[in-house]
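The values are calculated or read from the model by the stated rules, or taken from the named source; none is laboratory data. Model, not experiment: these values are computed from the prediction. All Cβ positions, even for glycine, are placed from backbone atoms using ideal geometry, and neighbour counts span all protein chains on display.
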Amino acid sequence: MTFFENLKKFRKRSGMYIAGNTLSEITSFISGMDIMAGGDYMTSFRDWFISGKLRKQSTCSWPVLVRMYLENQGVEPENQVDAFFDILDEFLEQECVITPITENKSE
């Protein structure tokens, strides 16, 4: 199973893995998954995010960049997790990695 397929499973049932559902908790868990998988997957996402969404250079980590971006877009904290996964879906679709994470959320 690939890293992104594991993310898809995590998205569907994040409560099985972590107690909370805040952006910080979600990105921390995903960062840990990425480190265990070698640390390259979310680096690719970060590079894509900087060039495609931010369009400016930054030395911040991808979780910080995502949080700042969502806050600047006016996304309320209770909607930030879904907004993050929407952005991640966009990355996966553009990079042709796998089908979007949010596919079949009800499973």
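So that you can scan it fast, the table gives a plain yes or no per residue for (1) under 13 Å from Phe45 (Cβ atoms); (2) touching a strand residue (DSSP E or B) at 6+ places or on another chain (Cβ under 6 Å); (3) assigned to a loop (DSSP other than H, G, I, E, B); (4) at pLDDT below 85:
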position	(1), (2), (3), (4)
Leu65	yes, no, no, no
Tyr69	yes, no, no, no
Gly74	no, no, yes, no
Glu78	no, no, no, no
Asp82	no, no, no, no
Phe85	yes, no, no, no
Asp89	yes, no, no, no
Ile101	yes, no, yes, yes
Asn104	no, no, yes, yes
Quick one: in segment 28-54, of everything that is in contact (Cβ under 8 Å) with a residue 40 or more places away in the chain and closer than 12 Å to Phe84 by Cβ, which residue is surrounded by the fewest Cβ atoms within 10 Å (Cβ to Cβ)?
Phe49
Pairs returned, first residue in segment 11-27 that is among the small types (Gly, Ala, Ser), second residue that is part of a helix (DSSP H, G or I) and surrounded by 13 or more Cβ atoms within 10 Å (Cβ to Cβ), beta-carbon separation under 8 angstrom, 6 or more apart or interchain, are Ser14/Ile26; Ser14/Phe29; Ala19/Glu25; Ser24/Pro63; Ser24/Arg67
